[in-house]
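Structure first, then comments.
The values are calculated or read from the model by the stated rules, or taken from the named source; none is laboratory data. Note that this is a predicted model, so its numbers are computed, not measured. Cβ sites come from the backbone with ideal geometry, for glycine too, and all protein chains shown count toward neighbours.
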């Protein structure tokens, strides 16, 4: 569960993903999605925090929402995953073509 960037995490914290298997459609410790009912998260910024992942076949933590300008991850620990963090953000005006 993603939060606004200035919001304190009181709901999704202290969770751990361990030995998550999978390649093409899985293997991630957690996939964070922005809350589409909160306009600031869909256009400006959202955050995820207080999460640990280890021995995952893919990313320990990721997000696949490319329309937000900023994604903040903090207070996370990633150990022995195939890859670490993978926050996805972007602004279409910055992409050439």
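Here are a few things to note about the model shown:
- Selection count where residues are surrounded by 10 or more Cβ atoms within 10 Å (Cβ to Cβ) and either free of Cβ contacts under 8 Å to residues at least 12 places away in the same chain or in a loop (DSSP other than H, G, I, E, B) (or both), scope segment 1-16: 8
- Selection from segment 57-94 of residues that are within 14 Å of residue 30 (Cβ to Cβ), outside any strand (DSSP E or B) and modelled with pLDDT of 85 or more: 57, 58, 81
- Looking across segment 38-56 at every residue that is at pLDDT below 90 and in a loop (DSSP other than H, G, I, E, B), the one that is farthest from the chain's Cα centre (by Cα) is identified as 38.
- Checking residue 74 against (1) loosely packed, with under 13 Cβ neighbours inside 10 Å; (2) under 13 Å from the mean Cα position of the chain (by Cα); (3) within 13 Å of residue 1 (Cα to Cα), the condition it does not meet: (3)
- Residue match in segment 49-60 (condition: surrounded by fewer than 17 Cβ atoms within 10 Å (Cβ to Cβ) and closer than 13 Å to residue 71 by Cα): no
- Qualifying residue in segment 43-63 (condition: in contact (Cβ under 8 Å) with a residue 60 or more places away in the chain and within 14 Å of residue 3 (Cα to Cα)): yes
- Evaluation of residue 24 against (1) touching a residue at least 40 places away in the same chain (Cβ under 8 Å); (2) more than 16 Å from residue 74 (Cβ to Cβ) (one fails), failing number: (1)
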